[in-house]
1. Please pick out the residue among LEU403, LEU373 that is in contact with a helix residue (DSSP H, G or I) (Cβ under 9 Å, 6 or more places away or on another chain) and at pLDDT below 85.
2. Test THR65 against the criterion of being loosely packed, with under 12 Cβ neighbours inside 10 Å and not in a loop (DSSP other than H, G, I, E, B), and give yes or no.
3. With respect to VAL464, determine if the residue is in contact (Cβ under 8 Å) with a residue 60 or more places away in the chain, within 20 Å of GLY383 (Cβ to Cβ) and out of contact with any helix residue (DSSP H, G or I) (no Cβ under 9 Å at 6 or more places or on another chain).
4. Considering every residue within region 335-355, establish whether at least one is modelled with pLDDT of 95 or more and crowded, with 24+ Cβ neighbours inside 10 Å.
5. Please go through (1) at pLDDT 90 or above; (2) within 19 Å of VAL328 (Cα to Cα) for SER391 and return the number of the only condition it doesn't satisfy.
6. Might you check whether a residue that is of a type outside the set (A, V, I, L, M), farther than 19 Å from ILE306 by Cα and within 20 Å of the chain's Cα centre (by Cα) occurs anywhere in region 384-404?
7. Only one of LEU100, LEU25, LEU61 is at pLDDT below 90 and farther than 17 Å from ASP354 by Cα. Can you tell me which?
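The values are calculated or read from the model by the stated rules, or taken from the named source; none is laboratory data. On a predicted model such as this, the values are computed, not experimentally measured, just so you know. Positions of Cβ are generated from backbone atoms using ideal geometry, with glycine treated the same way; all protein chains shown enter the neighbour counts.
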Amino acid sequence: MRTPAGLRLRPASASGAARRGFFALSGILMLALLWALSPGAQTPPEVKQITIYAAQTSYSLPVITHDGKEYVGLLEVLEPLGAVSASLDGKKWKLRFNNLEAQFTADKTKAKIARGEVEIGGPFLAENGRGQIPLAALPRVLASILPNRPLQFHAAARRLFLDKTEIHFAAELKPGANSQIQLTFSAPVNPSIATEPGGLRMLFRREPVVADKSQDKQNLADKTISSLGYNESNGSAELTIHSPLPLTAFVSSDHKTITVTPEVLPPLGQAKGQPQTFGPPNNPKAGGKPANTAAMPVAREFLVVIDAAHGGTDRGGAITDELAEKDVAMAFARRLHNELRNRGIAVRLVRDGDATLALEQRAEIVNAAVPSLYLAIHAAGSGTGVHIFSSSLTPLTKPTTFLPWDTAQAAFVQTSQQVANAVATELLKHDVPALSLTMSVAPLNAIAAPALAIEVTSPAGKAVEDISSGAYQQSLCTAIATAIAGMRNQLPHGEVAR
């Protein structure tokens, strides 16, 4: 993602009470400033990760290397799967998951789980109260903790499947003057799709897509679509379709079928820039819209995507010596998730655990979900109340088929600012100081949907620690959810939801 050339701050709206004493430089502003001014700032390199697919959720976690072995946090693995807690007593790390108890000992290679002993193939690491086990031992450990849940582990790709969640696919080539290939999946999918010279790539970060070995590489002996390849690595799966022609992907309304076909060029004589009608040429009844363009998303339910900032090795700002921004953001995101769901609104969390995600990864995950609204959640130890940020990109006034990655938000700026003002107004009704601002910072600019960054600070007249108060967070979430519900008809897919 390109580094912003500059940083602009402009108050959009605020009450007199909110303006007074409210401009302490907050964590998210400092992050934006450092990013913008850092010489040669680039997207962080890809982080090693494992993706876990379960019946109720899928999530990715960071993988670290210690003495040549890959390790993963066991508590982080179990958090989305049930009630879990852990405590460190000297060198003994005691774990409780639902009604099961386990004990690991620092630097030891065996663990006690229930009434049995499990070899973990390397020394157990206990740091800051968190326990790390060798990644290779994770299937054995989970088999003891979750004995009744089927498990498969693709070790080389770091992908772990619970509850037989695998999604299989079949590929059918439909030859002709403009051949196309149809991919049929056993469950709905939402890949990130990218076109490039020589083909098209579909990246599945959250979907447990798998292939038989015979599908790793299929030579199709077709002049239009020459081959189909499957690969999985670093917690993701990827399908690659090779062709000498530009390709377009069309997604069915149920997201179980993706048709890839050569891009249809405008007829001779059509004015340059005139909107182009898309549809699979060999199957007009299938319908669909290009999945590789953020400007033309497939119609779907009203969906809010919530992104708890930081996570994993990125702790964010220090709210207090003991309280990290990543933990406050995660707790608030879960509370807001529940508040929106109670209003009948579909919600999805970008991370529901302590995972490390690069900014570009977050944008890819969000854009693949085709949301109605994106909310990035931050927290700060300075200031009072809530700051609501929308992008300061110049609004895009002319419709376009394709949106540049680093300015995709330009098509949604006006709507984003309307939502920001609505949220600020509702918070003020609840006697919460609120300020709506515009700024240019990743990943907002790369989001192809209305998008806000919401920064939570401590309540007025209270201690910094009160930012974690359940009653305070609940009052904020109630106001934010009320504003979003009130704006639904003005957001993408809002009418579809009704």
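1. That would be LEU403, the only listed residue that is in contact with a helix residue (DSSP H, G or I) (Cβ under 9 Å, 6 or more places away or on another chain) and at pLDDT below 85.
2. Answer is yes for this residue.
3. Yes: the conditions hold for VAL464.
4. Scanning region 335-355 turns up at least one residue that is modelled with pLDDT of 95 or more and crowded, with 24+ Cβ neighbours inside 10 Å.
5. The failed condition is (2).
6. Yes: region 384-404 contains one or more residues that are of a type outside the set (A, V, I, L, M), farther than 19 Å from ILE306 by Cα and within 20 Å of the chain's Cα centre (by Cα).
7. The unique qualifying residue is LEU25.
Quick grid of which residues meet (1) over 18 Å from LEU393 (Cα atoms); (2) touching a Ser or Thr at 6+ places or on another chain (Cβ under 6 Å); (3) in a helix (DSSP H, G or I):
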{"position": "ALA448", "(1), (2), (3)": "no, no, no"}
{"position": "LYS462", "(1), (2), (3)": "yes, no, no"}
{"position": "ASP466", "(1), (2), (3)": "yes, yes, yes"}
{"position": "ILE480", "(1), (2), (3)": "yes, no, yes"}
{"position": "ARG488", "(1), (2), (3)": "yes, no, yes"}
